[in-house]
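Since the structure comes first, as structure tokens, the remarks are kept for the end.
The values are calculated or read from the model by the stated rules, or taken from the named source; none is laboratory data. Predicted, not measured: the structure shown is a model, and the values here were computed from it. Cβ atoms come from the backbone with ideal geometry, glycine included; neighbour counts cover every protein chain shown.
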Amino acid sequence: MGHELKEHASVALKVEEFSGPLDLTEIFGRPGPVQIEIGSGKGTFLLHAARAQPEVNFLGIEWARRFYLHAVDRIGRWGLTNVRIIRAEATTFLAESVPPESVACLHVYFPDPWPKKRHHKRRLLQPKNMPTLIRCLEPVGEIRLATDHLDYFEQMQATVGALRDELEPTEFVRPAGAGEGELAGTNYERKYLEEGRTIYTLAVRRRA
Ligand SMILES: C[S@@+](CC[C@H](N)C(=O)[O-])C[C@H]1O[C@@H](n2cnc3c(N)ncnc32)[C@H](O)[C@@H]1O
């Protein structure tokens, strides 16, 4: 166990301690709107969003142990009480542990693009994963997406566009924690903005 997990035990959720749907009110120690970030990386979005919106409960899902520990350490040191992070594979976790209609917003920023065609089946945003994402959303709950990868962006547009009965387009709202000139406020975005890359965004909401 990393020392980060011992020092910041209130931030780090352990997947092995849960079976079946999570009690989100218990996890955060209070009721309130829940927003989830899939693929939190080093936790930059979570830090700034949680500080900007203390009334919202933020849950980050990150698979890579190194990034997960880094994010736990940063969030713990900032003393934020409205963030939890879990080390899990996102689609499995959402399907098995997140109650239906419980999430106000799913943030997916700079998901791995898997550029090679033979790897496209690993992309998060693809038709087979959409029922899992949509199931978690409250009525009018949103999915907000950002990427620098045009081919993946076009796949995202096609994927959500094919689900018009369930999802409707909505304006992409910059998260409250995004800095000046930023659209999402993540590490990868910062890196890509410095490189002068174009950032594409997309938002949809679940029909009521
Ligand atoms: C390209 S990074 C972007 C990180 C962060 N969102 C940002 O914009 O700085 C993608 C992150 O998603 C995580 N990830 C990829 N697939 C995942 C999955 N199925 N479940 C959970 N995390 C995943 C990776 O480990 C990585 O940290």
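If I ask for residues that are in contact with an Asp or Glu (Cβ under 7 Å, 6 or more places away or on another chain), at pLDDT 90 or above and farther than 23 Å from residue 139 by Cβ, which ones from region 1-52 would you list?
Filtering region 1-52 for residues in contact with an Asp or Glu (Cβ under 7 Å, 6 or more places away or on another chain) gives 4, 8, 32, 39-41, 45-46.
Next cut, at pLDDT 90 or above only: 32, 39-41, 45-46.
Hits for region 1-52 are 39, 40, 41, 45, 46.
Among residues of region 32-48 being among the hydrophobic types (A, V, I, L, M, F, W, C) and within 18 Å of residue 98 (Cβ to Cβ), the one that is nearest to the ligand (Cβ to nearest atom) is 38. A single member of 5, 80 is touching a residue at least 60 places away in the same chain (Cβ under 8 Å), touching a Leu at 6+ places or on another chain (Cβ under 8 Å), assigned to a loop (DSSP other than H, G, I, E, B) and farther than 22 Å from residue 112 by Cβ, and it is 80. Residues that are surrounded by 22 or more Cβ atoms within 10 Å (Cβ to Cβ) and free of Cβ contacts under 8 Å to residues at least 60 places away in the same chain were ranked within region 85-126; the one that is farthest from the ligand (Cβ to nearest atom) is 125. Among the numbered conditions (1) out of contact with any His (no Cβ under 6 Å at 6 or more places or on another chain); (2) at pLDDT 95 or above, tell me where residue 117 comes up short. Of (1) out of contact with any His (no Cβ under 6 Å at 6 or more places or on another chain); (2) at pLDDT 95 or above, only one is false for residue 117: (2).
Among the criteria (1) of a type in the set (Val, Ile, Thr); (2) within 30 Å of residue 127 (Cβ to Cβ); (3) assigned to a helix (DSSP H, G or I), the one residue 25 does not fulfil is (2).
Go through region 180-204 and give me each residue that's surrounded by fewer than 13 Cβ atoms within 10 Å (Cβ to Cβ) and either closer than 20 Å to residue 42 by Cα or without any contact (Cβ under 8 Å) to a residue 24 or more places away in the chain (or both). The answer is 180, 181, 191, 194, 195, 196.
Would you pick out the residues in region 159-197 that are assigned to a helix (DSSP H, G or I) and under 20 Å from residue 132 (Cβ atoms)? Before the answer, list the steps.
Just the residues of region 159-197 that are assigned to a helix (DSSP H, G or I), to begin with: 159-161, 187-194.
Answer for region 159-197, where residues must be assigned to a helix (DSSP H, G or I) and under 20 Å from residue 132 (Cβ atoms): 159, 160, 161.
If you take the residues of region 44-61 that are over 13 Å from residue 82 (Cβ atoms) and not in a strand (DSSP E or B), which of them is nearest to the chain's Cα centre (by Cα)? Ranking the candidates gives 45 first.
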